[in-house]
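Quick notes on the structure that follows.
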Amino acid sequence: MIMYIHFCTMEVENEFSQIAKLIGDKARSTMLWSLLDGKAYTASELAVSANISRQSVSNHLSQLMEASLVKVEKQGRHRYYRLANERVAQVIESMASLIPAHKIQVKKSAEAQKLAFARTCYDHLAGELSIEIVKSLIDKKVIVLIENDYAVTDFGKEWFLALGIDIDALKVKRRSFAHPCMDWTERKHHIGGALGAAILELFVRNDWIRRKQNTREIVVTALGEVKLFDEFEITVHAK
């Protein structure tokens, strides 16, 4: 029994080492970081982002797919690559929180400040705005943190429904419902999972926020400034 446990432990250690080695490569880590916006990219686009050759990127993508970190979708003659699932995105984003705070230096660049304020993390919101949203929902008793997940209260169900989000419909989806996702700039948790995705989708659909092209940055509209205050009591100055 002891030998069996030791063997299993060694197998896990080996598998973990392989994953760490894959993610630790500069080119592959750059591609994974680029894919955090939730979009799909061609190999050529990922080669540009990682500053490597077309031949080299194919080899890297093959390794990432073999490890189930990336998946490919075919459309006609084109092949588009994206992160395999939200768990991969959660790991990549959370790893960034290990960067020492003094090395992030998000306040030195105007563009970095905008990303730190509001951006996408795969299919949900991240940044200062997302942390304020979590705080507001907890203060209003719309959600509560139970162990390692967010749960919606009975009052919260009605509150979200009035906003346009059906909590019962979200719970039947084959994915995490609402888990805390470590925000690498704020060092606090925002909401991931189906609920996090639904909130982002609602904000975009109602034009409270807009995605900025070719970046993960999120821009709050004038309407969004009003609605965020009305619904969440969050004061935002639209850019």
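The values are calculated or read from the model by the stated rules, or taken from the named source; none is laboratory data. What you see is a predicted model, and the numbers here were worked out from it, not measured in a lab. Cβ coordinates were reconstructed from backbone atoms using ideal geometry, including for glycine residues, and neighbour counts include every protein chain displayed.
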> Which condition number in (1) more than 17 Å from R87 (Cα to Cα); (2) at pLDDT below 95 is the one that N206 fails?
Replying inline: (2)
> Can we say I133 is at pLDDT 90 or above, surrounded by 15 or more Cβ atoms within 10 Å (Cβ to Cβ) and touching a Gly at 6+ places or on another chain (Cβ under 9 Å)?
Replying inline: no
>> For the condition out of contact with any Leu (no Cβ under 6 Å at 6 or more places or on another chain) and farther than 29 Å from A40 by Cα, what is the one hit in E201, E233?
In response: E233
> Which of the helices (runs of 4 or more DSSP H) contained wholly in the stretch 124-231 include at least 3 residues that are of a type outside the set (G, A, S) and in contact (Cβ under 8 Å) with a residue 40 or more places away in the chain?
Replying inline: 128-139, 193-205
>> Take residues that are surrounded by 14 or more Cβ atoms within 10 Å (Cβ to Cβ) and modelled with pLDDT of 85 or more and tell me which of the helices (runs of 4 or more DSSP H) falling wholly in the stretch 3-110 contain 2 or more.
In response: 26-34, 43-50, 54-66, 86-96
> Within the set of pairs 6+ apart or on separate chains, which have a first residue in the stretch 13-37 that is of a type in the set (G, A, S), a second that is assigned to a helix (DSSP H, G or I), and C-beta atoms under 6 Å apart?
Replying inline: A27/A50; A27/H60; S29/I23; S34/S49
>> One residue is enough: does the stretch 196-219 have a residue meeting the conditions surrounded by 18 or more Cβ atoms within 10 Å (Cβ to Cβ) and hydroxyl-bearing (S, T, Y)?
In response: no
>> Among the listed residues A162, A151, A198, A194, identify the single one that is hydrophobic (A, V, I, L, M, F, W, C) and either touching a Lys or Arg at 6+ places or on another chain (Cβ under 7 Å) or at pLDDT below 95 (or both).
In response: A194
